[in-house]
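Single-structure report; data block below.
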Amino acid sequence: MDTGTHLVIGFGLAGLAYIDPVVAADPVVSTAVLIGTVAGSQAPDADTLLRLRGNAVYVRNHRGLSHSLPALVLWTLLIAGLLRLSFGELPMLHVTAWVFGAVAFHVFTDLFNTYGTQALRPLSERWVSWNIIHIFDPFIFLSHVLAIFLWSLKLARPEVLFPLLYAALALYYIWRSWLHHHLEKNLYQKDIGYEPGDRYTLIPTIHPYQWQIVKRKENGWFELGEYRGGTIKWVDRTTCHAHPAVDESKHHPNVKALLYFSSYACAEVKEKPWGYEVIWADVRYRHRKNYPFVAVLLMDHEYNTLDSYVGWVSETNLGKKLRAGVY
């Protein structure tokens, strides 16, 4: 989820903690839990600081170790320990349990997005992304904002309000999961261009009944489409180029970072007077006819690197990320 949604979830879990009599009975404990759940709901994304070491490091590692199984424990112990130092005597079993719930819930909700996490590390380095909930879901965000507003004005008791909120969210997640599975499983029946071997990935948008489609052809190429109103509209096709420059580009750290993260990358080669421009794009993130998540490598005719970039970019500012004299 996005940072704002994780933040309101942190406050929501603090409200939910009032079902714990130990938390509800002591304002000091409830304050410590509030700080702990808000911090715990943000902690796994502290790896955003990896941007300081370069985009390749960030792309390869964001939502990786920081969202892993050991990290759940480490974040919890770190935050609980700081609370103990700050507040003194606390019922640490209860406080630690709510902090852990916030950290774990952060990682759990991220699994439902397209970006995904490496939540199974160290058991597996596989990226787990279920493609069920958009990174910003208006229902999840606004329902939390409304509940927090009612709580802050004392218009509803938190021990009643927040269990109802999270019961509704549980039903929402179940419904979205069923809907995604049902639609994705039957996409081939609605695709008049279906061929044996085609594989479909349904990707959520901010609109609950509109989806993007990635169809992987048996030859490794992709077709991109939209699903709305029960019909498919194909909008683009990517031709993944086979070229020595593509093979050479796979050894560059920026391209390796993108390929480590995504199995939906497709390469395009453009020949230039000075050599080759190789553009790897993650086709899952098509936006307004562009593919903004890319790894770009500029090479001379002997495949020596002239410049490179990996990360999010628009078509208008790509040239600013690379050498103006070359690009």
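Between 55, 290, 131, find the one with the highest GNM mean-square fluctuation for the chain; connect C-alpha pairs within less than 10 Å. Highest fluctuation among the options: 290.
When the pairs 185/217; 215/256; 185/250; 215/272; 217/256 are compared against a 28 Å limit on Cα-Cα distance, 185/250; 215/272 fall above it. Here the dipole of the range 1-92 is about 440 debye; that uses its Cα centre as origin and unit charges on the Cβ of Lys and Arg (positive) and Asp and Glu (negative).
Accessible surface area normalised per residue over the range 68-133 is 47 Å², counting heavy atoms of protein chains with a 1.4 Å rolling probe.
In the chain, with Lys and Arg counted as +1 and Asp and Glu as -1 at Cβ, which of these residues, 252, 211, 197, has the Cα nearest the positive end of the dipole, that is, farthest along it? The residue sitting most towards the positive pole is 211. Go through 88, 68, 78 and say which Cα lies farthest out towards the positive end of the charge dipole of the range 1-149; charges sit on Cβ, +1 for Lys and Arg, -1 for Asp and Glu. Positive-most Cα among the choices belongs to 68.
Evaluated at q = 0.20, 0.23, 0.24 Å⁻¹, the base-10 log of the normalised Debye intensity for the range 240-321, with identical point scatterers placed on the Cα atoms, takes the values -0.85, -1.12, -1.21. From the alpha carbon centroid of the range 72-95 to that of the range 176-207 is 44 Å.
For the chain, the membrane-span-like helices by this rule, meaning whole DSSP H stretches whose C-alpha atoms cover at least 15 Å of axis and whose Kyte-Doolittle mean is -0.5 or above, are 3-16, 27-42, 69-87, 92-110, 138-152, 158-185; this says nothing about an actual membrane.
Springs join every pair of Cα atoms under 10 Å in this Gaussian network model of the chain, and among 225, 197, 275 the largest mean-square fluctuation is at 197.
Taking all protein chains as present, what is the carbon and sulfur share of the accessible area of the chain, in % to the nearest whole number, probe 1.4 Å? Roughly 62 percent of what the probe reaches on the chain is carbon or sulfur.
Per residue, the range 240-321 exposes 49 Å² of accessible surface when a 1.4 Å probe is rolled over the protein heavy atoms with every protein chain present. For the range 195-238, the solvent-accessible area works out to 54 Å² per residue, with a probe of 1.4 Å and every protein chain left in place. Spacing of the modelled spin labels on residue 145 and residue 86, each 7 Å from Cα toward Cβ, amounts to 2.6 nm. Taking Cα centre as origin and charging only the Cβ of basic (Lys, Arg, +1) and acidic (Asp, Glu, -1) residues, the dipole magnitude of the chain rounds to 320 debye.
The values are calculated or read from the model by the stated rules, or taken from the named source; none is laboratory data. The structure presented is a predicted model; accordingly, all values stated were derived computationally and were not measured. Note that each Cβ is placed from the backbone with ideal geometry, even for glycine, and that neighbours are counted across all protein chains shown. Areas reflect the complete protein model, heavy atoms only, side chains present, ligands, DNA and RNA absent. Shrake-Rupley method; radii C 1.70, N 1.55, O 1.52, S 1.80 Å.
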